[in-house]
Amino acid sequence: MDVDKLKIDRSSEETYYKKKKKRRILSRTITVIIIISLLILLYSLGFFTPSVEVETTVVTSIFPYQAKILLNATGYVVAERKAAVASKGTGRLEYLAVEEGDRVKKGDIIARLENRDALATLNRAKANLVTARFRYKQAKAEYDDAKLDYERKKKLYESGTISKSLYDAAFARFDKAKASLNSAESDIAASEAAVSEAKVQYENTFIHAPFDGTILTKNADVGEIVAPFASSVNSKAAVVTMADMDSLIVEADVSENNINLVKVGQPCIITLDAYPDIKYRGKVHKIVPTAERAKATILTKVAFIDKDERVLPEMSTRVSFLKEEVSKEMIEKTLKVVPVGAVIERGGKKVVFSINDGRAKEIVVKVGKKLGDFLELLEGPEIGTKIILNPSERVKDNVKVEIRE
């Protein structure tokens with residue numbers, strides 16, 4: 001047996017360990033490269049950079065006219081032509097023809113008081129007038145007969161045909177008939193005056209609308225006592241309150257410090273608090289030449305140009321005083337806008353940055369016209385999207401951001 005052939009081969013073992021060592025080094029190298037690449041990626045994504053502090057705003061919508069506002073004021077809708085309608089007479093309310101919201105014409109009967117006594121007085125006065133006229137006819141007939149007899153006997157007396165006593169008797173009868181006729185004429189005049197007075201008293205039991213308008217409130221009910229000046233504790237002065245709805249205006253309180261920005265004829269936009277999405281055009285009608293000391297304001301009356309049935313007295317309003325006239329379209333359609341400072345130029349494009357999970361997201365936008373401090377947004381994020389205001393150079397796509405408190 002060859003002893004040399006029994007010798008252990010160590011070369012294959014060394015080769016095995018060398019290969020294992022190379023694989024270990026390669027694995028570690030790959031791991032290091034992956035870790036470094038991941039760190040670079042994370043760094044580029046901002047995981048190891050401090051957050052950028054930013055201010056935010058939102059994409060919103062405005063009416064085009066809002067870019068022309070000089071100042072705003074609050075006020076109330078009032079009727080320049082308004083009346084508390086009362087009776088000229090005193091009595092119990094027997095009939096009420098209207099209720100709140102009814103439209104009436106000038107002269108329409110709104111209510112009626114009990115008037116049977118006034119009607120009886122009127123009928124008696126009319127009957128007395130008829131009697132007086134019959135008496136006048138009787139007196140006139142007696143006067144004509146006495147006059148004719150007197151003139152005939154006067155001629156006979158002058159010719160000596162009759163005695164003076166007959167002449168004197170004819171003259172006395174004529175003079176008495178003349179006095180009776182004058183008395184009858186006076187009775188007719190007095191009776192006519194009594195009829196006129198009774199008519200007035202009777203008409204005073206009817207309450208008429210003083211002008212075309214709408215009933216606002218009902219202040220008395222059937223059965224209650226109505227008096228011209230509410231002289232009794234239990235009586236009512238006004239039966240209804242009404243207003244001419246065509247005379248509605250807004251009375252706004254403008255601060256003394258800003259009254260120099262307001263002038264008669266200046267265009268305005270009126271917004272009712274009850275309907276904030278509906279705008280009405282108006283203009284300054286009058287600036288009351290006195291200030292209210294307690295509030296340091298000056299009353300300014302604004303007339304409506306556009307108005308509908310939703311505008312009611314005593315509604316609270318907001319009045320925007322404008323630099324110039326606006327069209328109806330400018331108060332009917334809103335535009336999507338962002339503040340001017342939210343839009344910047346990056347790489348030749350207009351962009352804004354929204355915030356998503358604490359990171360800035362670059363969005364390319366298309367802008368339109370400038371509206372005061374805003375830019376119209378033709379293409380871009382939706383209304384309500386939170387975006388960064390005045391982004392600095394540090395703000396980039398996917399950069400971590402922190403909203404400034």
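Each reported figure results from applying straightforward, stated rules to the coordinates on display, with no laboratory input. On a predicted model such as this, the values are computed, not experimentally measured, just so you know.
For residue 333, the aspartates and glutamates whose Cα comes closer than 12 Å to its Cα, not counting residues fewer than 8 places off in the same chain, are 277. Amide H contacts under 5 Å for residue 401: 52, 359, 360, restricted to partners 5 or more places along the chain or on a different chain, H placed in the peptide plane at 1.01 Å from N.
Taking amide H as placed 1.01 Å from N in the peptide plane, residue 368 has its amide H under 5 Å from the amide H of 376, 377, 378, each at least 5 places away in sequence or on another chain. When restricted to Cα atoms, the range 118-189 yields an Rg and a Dmax of 17.3, 62 Å, respectively. For the range 89-211, the convex hull drawn through the C-alpha positions has a volume of 112 cubic angstrom per residue. Each residue of the range 337-344 was assigned a 3J(HN,Hα) from its phi angle through the Karplus expression (A = 6.51, B = -1.76, C = 1.60, θ = phi - 60°), giving 9, 9, x, 3, x, 7, 9, 10 Hz with x at Gly and Pro.
With all pairs of separate Cα atoms included, the chain yields a Kirkwood hydrodynamic radius of 32.3 Å.
Here the ratio of the Cα radius of gyration of the range 273-331 to 2.2 N^0.38 Å is 1.28.
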